[in-house]
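A.B. asks: Handing you this structure, nothing more for now.
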Amino acid sequence: MKKILSKKIILLFYLLILSGGAVFLLLNCGSDKSGPTTTTGFTPDSPTADNSEGESEYYDPSLGRGSSSQHSTGTGSGGSSVSENEAKWGTSAPITITNSLIFEDFRLGVPVNSMNDIQNLRVYVKLGKVSGQKYYAGRVTIAYEDYGREKPFRNISFQSGNGANAKYNVWLKKTKFHGFFQENNGALILVIDRITSIRPNPDAPAVMSYGGSIWTMQFRTTFRGQNSCNNRDQKYVFQYNQNPPGGELIPMLSERNRKCWFLTIGPFDCRTWRHGKGVNTFKAVEPDDNCYSKLGTFEGLDIPKAFGVSAISNLATY
């Protein structure tokens, strides 16, 4: 009798252990399914979302629908978070590349290993109205990370110059803007031409913002009487200066006393909307000749922040 009772107690003990293990496994499985998740499947109308770790993610159309990438945190590559970059260069929006060959031209011929290596490509805009005028001066910066390179972070700023240098940088209407910007190796035109809706995260209400396009041209060597627009097969000016025939260098744009949109001949003539020897900035919204190529498009630019006004209604327009 005692042996039978002992066997029953032992059996009951094992049953308790087994049932406890099963409950433990069920609880763990449940916790795995209900743990922290990352939102995916963003659309262009919902380009950003904050996850529980405080890292910012956004939808980048150049990576494909539903793809997202974490911003660089500056781990030795020279990169920074988008918020840190915006503190330096102004408010920003993600760029969708129109053509990879044009992007390589923007990189002055440096090839792209894979477009999947190009991440966090953004335009940063920091402009302000010139006192007493209806045009805007400042800078436009293009920044991105190329993970096919040992030092992946890249950024380049294009300046308009102050005062009358920016006289072509105008709002044609409340929804139409364009402007010239330059640096030593090329010029850029910022075009804003449409209203878009974005959401800070998928559950937030839509916020009105603006979209547009980025147009670039690179300075090349020229033949007599021509400019860089006519010589896409010519060397970039900086390439020519690395080993110039006869040792004669081409003075860089920074050595000139005029902005490229005021020049009428030579490698640094960056005009579009040409009118005689000048520019008719009211002729069209986008560049109207072959000087510039569309680098990409963007959506979700905060115009009041980009132009230093408290509201859209405060913009100076024609």
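The values are calculated or read from the model by the stated rules, or taken from the named source; none is laboratory data. Values in this document were obtained by computation on a predicted structure and should not be read as measured data. With ideal geometry, Cβ positions are generated from the backbone for all residues, glycine too; neighbour counts draw on all protein chains shown. Note: areas computed on protein heavy atoms with side chains; ligands, DNA, RNA excluded. Shrake-Rupley method; radii C 1.70, N 1.55, O 1.52, S 1.80 Å.
A.B. asks: Take the stretch 300-318 and flag every residue that is small (Gly, Ala, Ser) and either modelled with pLDDT of 95 or more or not in a helix (DSSP H, G or I) (or both).
C.D. replies: Gly300, Ala306, Gly308, Ser310, Ala311, Ala316
A.B. asks: Checking the conditions here, which among Lys151, Lys167, Lys174 is out of contact with any His (no Cβ under 7 Å at 6 or more places or on another chain), at pLDDT below 95, within 24 Å of Val285 (Cα to Cα) and charged (D, E, K, R)?
C.D. replies: Exactly one residue qualifies, and that residue is Lys174.
A.B. asks: If you take the residues in the stretch 251-290 that are open to solvent by 30 Å² or more (accessible area, probe 1.4 Å) and touching a helix residue (DSSP H, G or I) at 6+ places or on another chain (Cβ under 6 Å), which one is farthest from Tyr168 (Cα to Cα)?
C.D. replies: Step by step, filter the stretch 251-290, then rank; the result is Asn290.
A.B. asks: Give the stretch 203-248 a look and list any residue that's among the hydrophobic types (A, V, I, L, M, F, W, C) and out of contact with any strand residue (DSSP E or B) (no Cβ under 8 Å at 6 or more places or on another chain), or say none. Give the steps one after another, and end with the answer.
C.D. replies: Our first condition is that a residue be among the hydrophobic types (A, V, I, L, M, F, W, C); within the stretch 203-248, this holds for 204, 206-208, 214-215, 217, 219, 223, 229, 237-238.
Across the stretch 203-248, the qualifying residues are Ala204, Phe223, Phe238.
A.B. asks: Let me ask something else. From the list Ser68, Ser62, Ser72, Ser77, which one is at pLDDT below 95, touching a Pro at 6+ places or on another chain (Cβ under 6 Å) and buried (at least 17 other Cβ atoms within 10 Å of the Cβ)?
C.D. replies: Every option except Ser77 fails the conditions.
A.B. asks: Now for a separate question. Give me the residue from the stretch 191-201 that is open to solvent by 70 Å² or more (accessible area, probe 1.4 Å) and part of a strand (DSSP E or B) and, out of that set, nearest to Thr281 (Cα to Cα).
C.D. replies: Arg194
A.B. asks: Okay, next question. Of (1) part of a loop (DSSP other than H, G, I, E, B); (2) open to solvent by 20 Å² or more (accessible area, probe 1.4 Å); (3) touching a residue at least 60 places away in the same chain (Cβ under 8 Å); (4) under 30 Å from Glu104 (Cβ atoms), Thr297 satisfies all except one. Which?
C.D. replies: (1)
A.B. asks: List pairs: first residue in the stretch 90-103 and in a loop (DSSP other than H, G, I, E, B), second residue of a type in the set (Lys, Arg) anywhere in the structure, Cβ distance under 9 angstrom, at least six positions apart or on different chains.
C.D. replies: From residues that are in a loop (DSSP other than H, G, I, E, B), the pairs are Gly90/Lys126; Gly90/Arg139; Gly90/Lys305; Thr98/Lys294; Asn99/Lys294.
A.B. asks: Restricting to the stretch 160-184, what's the tally of residues that are in a loop (DSSP other than H, G, I, E, B), open to solvent by 10 Å² or more (accessible area, probe 1.4 Å) and out of contact with any Lys or Arg (no Cβ under 6 Å at 6 or more places or on another chain)?
C.D. replies: The qualifying residues number 6.
A.B. asks: Please go through the stretch 232-250 and give me each residue that is of a type in the set (S, T, N, Q) and surrounded by fewer than 13 Cβ atoms within 10 Å (Cβ to Cβ), ordered by number.
C.D. replies: The answer is Gln242, Asn243.
A.B. asks: Which ones in the stretch 95-118 are surrounded by 20 or more Cβ atoms within 10 Å (Cβ to Cβ) and over 19 Å from Ile189 (Cβ atoms)?
C.D. replies: Result: Ile118, single match.
A.B. asks: Sticking with this one: Need the failing condition index for Lys134 against (1) more than 15 Å from Glu286 (Cβ to Cβ); (2) within 18 Å of the chain's Cα centre (by Cα), just the number.
C.D. replies: For Lys134, the failing item is (2).
A.B. asks: Let me ask you something else. Only one of these is part of a strand (DSSP E or B), farther than 17 Å from Leu253 by Cβ and open to solvent by less than 60 Å² (accessible area, probe 1.4 Å): Ala143, Ala187, Ala204. Name it.
C.D. replies: It is Ala143.
A.B. asks: Do we find a residue being within 19 Å of Ala93 (Cβ to Cβ) and open to solvent by 60 Å² or more (accessible area, probe 1.4 Å) anywhere in the stretch 207-216? Write out each step before concluding.
C.D. replies: Applying the first criterion (within 19 Å of Ala93 (Cβ to Cβ)) to the stretch 207-216 yields 207-216.
Still in the running and open to solvent by 60 Å² or more (accessible area, probe 1.4 Å): 207-208.
Yes, the stretch 207-216 contains a residue that is within 19 Å of Ala93 (Cβ to Cβ) and open to solvent by 60 Å² or more (accessible area, probe 1.4 Å).
A.B. asks: Among the numbered conditions (1) out of contact with any Leu (no Cβ under 8 Å at 6 or more places or on another chain); (2) closer than 23 Å to Ala143 by Cβ; (3) open to solvent by less than 70 Å² (accessible area, probe 1.4 Å), tell me where Cys229 comes up short.
C.D. replies: (2)
A.B. asks: Further question on the same structure: Which residues, counting only those in the stretch 81-99, are more than 20 Å from Leu301 (Cβ to Cβ) and modelled with pLDDT of 95 or more?
C.D. replies: Start the filter on the stretch 81-99 by keeping residues that are more than 20 Å from Leu301 (Cβ to Cβ), which leaves 99.
Those that are more than 20 Å from Leu301 (Cβ to Cβ) and modelled with pLDDT of 95 or more: none in the stretch 81-99.
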